[in-house]
Every structure is written in structure tokens, then in C-alpha cells.
Amino acid sequence: ALRRAFRGAPLLGFGCSQDLARLRATPAAAPWVDADQEVYDLQTALTQKRGGPGLAAAAKAYLGKALDKSQQCSDWDARPLSEAQRAYAALDAVAVLLIHEKLRSVDDAIEKLRRIPPR
């Protein structure tokens with residue numbers, strides 16, 4: 001049931017083209033990721049808004065929190081992933097979601113302000 005719920009849903013990522021290519025090449029990802037699945041890249045959206053900061057800079061700017069990026073260049077091909085790598089990946093995913101929600105709420109507020117008729 002969970003797989004059906006996510007199948008076809010847009011993916012949200014940050015500078016995710018390489019990650020997505022690797023994920024799509026993984027046979028275990030087939031039930032979760034369609035080859036033609038829509039992808040919303042938050043880094044691209046931020047580039048259009050503010051010149052494209054990395055995720056750590058975006059988290060600092062939009063969430064007021066620093067991200068530990070020490071695992072970014074670790075060996076992601078090694079299996080099993082270390083606890084530190086899994087925590088890093090989970091934190092990055094949560095940060096992307098929180099930044100997306102923040103941007104969406106700001107955009108919604110701006111749109112509501114635009115609808116207020118002038119006096």
C-alpha cells in the first residue's frame with residue numbers, strides 16, 4: 001500500500017540529478033521510482049530566487065540551523081552504510097523538506113498579499 005501511495009508522486013531533492021541517476025540504476029528502487037517520475041529540485045528553485053546556495057547555506061538561511069556535511073564525501077558505495085551516513089542522509093532529506101515547506105509558505109503569503117485590492 002505504501003509503495004502505491006508513493007508511485008508516481010513527484011520527488012523532492014536538492015541538487016539531486018546524480019543521486020537520482022544512481023537510484024534509478026538500483027534494481028531495488030524500481031518499485032519506488034519511475035523512470036519518468038517528476039522531480040522538483042529545490043536547488044534549482046533557490047538558484048532562481050537567490051543565486052543557488054548549497055544545502056548547508058540554504059538550511060542556515062531558511063531554517064537558522066547549520067548542517068553537518070562531514071559525511072558528504074564518505075564512501076557511499078560501501079555497504080552497509082554506516083550509522084553516520086544514514087543519519088546524514090536522513091537529516092539532508094528532512095532539511096530539504098523543511099526548506100521546501102518554508103518557501104511554499106512564503107510564496108503563499110506573497111500570493112495572498114497580491115490578492116488584496118488596493119485602497
Practice prompt. Scan ALA78, ALA90, ALA61 and give me the residue that is surrounded by 11 or more Cβ atoms within 10 Å (Cβ to Cβ), at pLDDT 85 or above and of a type outside the set (Val, Ile, Thr).
Written response: ALA61
Worksheet item: Only one residue in VAL39, VAL96 is in contact with a helix residue (DSSP H, G or I) (Cβ under 9 Å, 6 or more places away or on another chain), of a type in the set (Val, Ile, Thr) and modelled with pLDDT under 85, so which one is that?
Response: VAL39
Item to complete: Residues being without any contact (Cβ under 8 Å) to a residue 12 or more places away in the chain, open to solvent by less than 100 Å² (accessible area, probe 1.4 Å) and not aliphatic (A, V, I, L, M): count how many of those fall in region 93-113.
Response: 5
Fill in: Restricting region 33-58 to residues that are within 16 Å of ASP19 (Cα to Cα) and of a type in the set (Ser, Thr, Tyr), the residue that is surrounded by the fewest Cβ atoms within 10 Å (Cβ to Cβ)
TYR40
Worksheet item: Restricting the first residue to region 18-40 and requiring it to be within 18 Å of HIS100 (Cβ to Cβ), which pairs with a second residue that is of a type outside the set (A, V, I, L, M, F, W, C) and surrounded by 14 or more Cβ atoms within 10 Å (Cβ to Cβ) meet a Cβ separation below 7 Å and a spacing of at least six or different chains?
Response: ASP19/GLY13; LEU20/GLY13; VAL39/GLY13
Practice prompt. Test each condition in (1) at pLDDT below 90; (2) surrounded by 10 or more Cβ atoms within 10 Å (Cβ to Cβ); (3) among the aliphatic types (A, V, I, L, M) for ILE116 and report the one that comes out false.
Written response: (2)
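The values are calculated or read from the model by the stated rules, or taken from the named source; none is laboratory data. Because the structure is a prediction, the values reported are computed rather than measured. Note: ideal-geometry Cβ built from the backbone for every residue, glycine included; neighbour counts use all protein chains shown. Ligands, DNA and RNA are excluded from the accessible area calculation, which covers all protein heavy atoms including side chains. Shrake-Rupley method; radii C 1.70, N 1.55, O 1.52, S 1.80 Å.
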